[in-house]
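J.: Have a look at this one.
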Amino acid sequence: MAKAQQKAGKTTQDYIDLESKHGAHNYHPLPIVIAKGKGVWVTDPDGKKYMDCLAAYSALNQGYNHPRIMAAAKEQLKTGVTLTSRAFYNTKLGEFLEKVCEITGHDKALPMNTGAEAVETAVKMARRWGYQVKKVRKDQAQIIAFNGNFHGRTTTIVGFSSDADYQKGFGPFTDGFKLVDFGDIKALEKAITKSTVAILIEPIQAEGGILIPPKGYLKKVQQLCKKNNILLIADEIQTGLGRTGKMFACEHENVKPDVYLLAKAISGGFMPVSVVTANKAVMDVFDPGSHGSTYGGNPLGAAVAVEALKILQEEKLPERAQELGAYFVEQLKAIKSPHVKAIRARGMLIGVEIKRESGVARPFCEKLMEKGILAKETHESVIRFAPPLVITKEEIDWAMKRIAAVLTTEAPVK
């Protein structure tokens, strides 16, 4: 592999330099270039192998290059039909929508492309439902979200972020959102008014640092929604589809929201695919022309997503996440590290918080990279470990030796 790349004349640094020269600097990646991937393993252009413990922020729950998803993509490509737009029907979309409804237990599904588009779709749907069904006064609909949230990067979404870095220089922002503290049920109850149409919540705040609410919190949120005729919208874009040890993180409290937002792992990393699901009484507020997307529901994405969802079920990936996530955390907790403040986890969504006196998390991620482990910091102080759910116990053992070596040595340069 290395020799082939040398013949081509491009090294890891060449690719980094090329991207830095021509790309907007809106990301700060680790200095690693991924050229090939299989399962939980990736290889750079120089031939060095790494274990990916980020899984593209949980988009790769099925692992890199899953053969069944690859076969489904190739089969659809052979037809010559990758895009029809929604001006016409295609042979794959109905099957995808049926599969999504089977998994979520909802009647209807609306396909889009990205997680942020799913959130935007839900905002529109909740507002229109508020006016048509709940009879909220025109242009007074309000949605409650939470401090520490991360729902995407559009102007509307960053407008109700509590992170100043996400908002800086992008105002003015859209009205109609109210923030309360995540996990504080009394603050949430106090924030509800007659104009509240929805509560938008991540069952676990992944970008926020793997923040898990108190036991019973989601159930209480659901009860408030039912009591006040409010839609419960669960953003399971990162936490859903097996990541936390259940198909959906809401299931840990036997909560079924009125609306699910799904993306990332729904296509196993092959295509941008997202979907909003709800029952007919909510979804039917949309009529022809009220919402849409040229690529949303494209047959290639739909074919890939059907297979990706089947794999989650048939390979029992949620169950694997539960079992192996517990093993991963057990091994982490056994490390006697002077740098670790806390370990927070559910399934295979794991956060290691670094003590303030040990610096920030990124230098630890850079040291992990040097040892062949790819992880990424979130909110400066937390290392996130979220490998593909196809990881094995033996691969965890391989990783843990290297993780232990980094967490037990002197803190990297701050």
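Derivation of every value follows stated rules applied to the coordinates shown; laboratory data play no part. The structure displayed is predicted, hence computed values, not measured ones. Note: ideal-geometry Cβ built from the backbone for every residue, glycine included; neighbour counts use all protein chains shown.
J.: Once both labels are modelled 7 Å past Cα along the beta-carbon direction, what's the Lys194-Ala404 spacing in nm?
T.: Between Lys194 and Ala404, the label points sit 6.3 nm apart.
J.: Here is a further query. With r defined as the distance between the Cβ atoms of Ala334 and Ile32 and R0 fixed at 22 Å, what FRET efficiency is calculated, to the nearest 0.05?
T.: E between Ala334 and Ile32, to the nearest 0.05, is 0.20.
J.: How much net charge surrounds Gly242 when only the other residues with a Cβ under 10 Å from the Cβ of Gly242 are counted, with Lys and Arg +1 and Asp and Glu -1?
T.: +2
J.: Now, a different point. If the cut-off is 19 Å between C-alpha atoms, which aspartates and glutamates fall inside it for Lys316, apart from same-chain ones fewer than 8 positions away?
T.: Partners within reach: Glu102, Glu236, Glu251, Glu307, Glu394, Glu395.
J.: Sticking with this one: What do you get for the angle between helix 393-407 and the principal long axis of the chain? Use alpha-carbon atoms, 0 to 90 degrees, nearest ten.
T.: 80 degrees
J.: Return the single residue from Leu241, Leu30, Leu54 with maximal mean-square fluctuation; model: Gaussian network over the chain, springs between Cα atoms under 10 Å.
T.: Of the options given, Leu30 has the highest mean-square fluctuation.
J.: Return the aspartates and glutamates within reach of Lys227: Cα separation strictly under 12 angstrom, same-chain partners fewer than 8 residues apart disregarded; answer none if there are no such residues.
T.: Glu189
J.: In units of 2.2 N^0.38 Å, what is the alpha-carbon radius of gyration of the chain?
T.: Taking N as the residue count of the chain, the ratio is 1.00.
J.: Excluding same-chain pairs closer than 8 in sequence, count the lysine pairs in region 357-414 whose Cα atoms lie under 13 Å apart.
T.: Step by step, the pairs that qualify in region 357-414 add up to 4.
J.: Here's another thing I want to ask about it. Given a cut-off of under 8 Å on Cα pairs at least six residues apart, what relative contact order in percent is computed for region 123-263?
T.: Relative contact order for region 123-263 comes out at 22 percent.
J.: While we're here: In whole percent, what relative contact order does region 190-243 give with Cα contacts below 8 Å and a gap of six or more residues?
T.: 48 percent
J.: Moving on. Starting from the Cα gyration tensor of region 37-94, take the square roots of the eigenvalues, sort them a ≥ b ≥ c, and report rounded, prolate or oblate (rounded when a/c is under 1.5, otherwise prolate if a/b is larger than b/c, else oblate).
T.: prolate
J.: What lysines sit close enough to Lys108 to cross-link, taking a C-alpha to C-alpha distance under 22 Å and skipping anything fewer than 8 places away on the same chain?
T.: Filter leaves Lys92, Lys99, Lys124, Lys134, Lys226, Lys246, Lys256, Lys264, Lys280, Lys310.
J.: Round to the nearest 10 and give me the degree value, 0 to 90, for the angle of helix 67-79's Cα axis relative to the longest principal axis of the chain.
T.: On a 0 to 90 degree scale, this one is about 60.
J.: If you build a Gaussian network model of the chain, linking Cα atoms that sit under 10 Å apart, which residue out of Arg86, Arg346, Arg320 swings the most?
T.: Looking only at Arg86, Arg346, Arg320, the largest GNM fluctuation is found for Arg86.
J.: What is the distance in Å between the Cα centres of region 9-70 and region 166-192?
T.: Spelled out, the Cα-based centre of one part sits 35 Å from the other.
J.: Just need the relative contact order of the chain here, percent rounded to a whole number, with Cα pairs under 8 Å and 6+ apart.
T.: Computed over the chain, the figure is 22 percent.
J.: Given only helices, namely DSSP H runs of n ≥ 4 each adding -39500 (n - 2.57), what is the per-residue ellipticity at 222 nm of the chain, to the nearest 500 deg cm²/dmol?
T.: -10500 deg cm²/dmol
J.: Further question: Calculate, for Asn65 and Glu394, the FRET efficiency according to 1/(1 + (r/R0)^6) with r their C-beta to C-beta distance and R0 22 Å; round to the nearest 0.05.
T.: E between Asn65 and Glu394, to the nearest 0.05, is 0.65.
J.: Of the peptides 102-110, 361-369, how do they stack up when ordered by the mean number of other Cβ atoms within 10 Å, highest first?
T.: Averaged packing, sorted descending, gives the order 361-369, 102-110.
J.: Report the Rg/Rh value for region 67-314, based on alpha-carbon coordinates and the Kirkwood definition of Rh.
T.: Here Rg/Rh amounts to 0.96.
J.: Restricting to lysine pairs 8 or more places apart or on different chains, what number in region 33-90 have Cα atoms under 16 Å apart?
T.: 4
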